[in-house]
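Read the structure below first, then the notes.
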Amino acid sequence: MAPAAVPRQLTGKSLLGKLALALQARAAAKGEQKPSRLAAFIADHTGTLSALGLIDAGLWHSSPVAGWIGTGVTVLVAELKIRG
């Protein structure tokens with residue numbers, strides 16, 4: 001996808017937001033009625049996975065044991081969130 005294909009209104013968003021909106025615009029340009037599955041996946045899971053990463057990083061700063069436990073819980077929650 002060429003950079004010129006991305007609309008100008010996307011300049012104030014995050015990189016993942018730009019990607020999701022670009023994928024939606026690409027689906028609309030193809031004539032599809034709904035956004036692509038990848039765009040829907042990014043929009044649905046970005047906040048959750050970012051929050052889990054921040055929690056995990058905080059646990060690693062407190063202690064290695066808490067970090068390992070947090071990593072295990074983070075992987076489990078992310079897996080359940082993604083696969084349903």
Of the listed residues (Leu10, Leu49), the one being in a helix (DSSP H, G or I) and either at pLDDT 75 or above or among the basic types (Lys, Arg) (or both) is Leu49
Please go through region 72-84 and pick out each residue that is assigned to a helix (DSSP H, G or I) and within 18 Å of the chain's Cα centre (by Cα). Thr74, Val75, Leu76, Val77, Ala78, Glu79, Leu80, Lys81, Ile82, Arg83
What is the number of the single condition among (1) loosely packed, with under 13 Cβ neighbours inside 10 Å; (2) at pLDDT below 90 that Arg26 does not meet? (1)
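The values are calculated or read from the model by the stated rules, or taken from the named source; none is laboratory data. A quick note: this is a predicted structure, and the numbers were derived from the prediction, not measured. For neighbour counting, all protein chains shown are included, and Cβ atoms are generated from backbone atoms with ideal geometry for every residue, glycine included.
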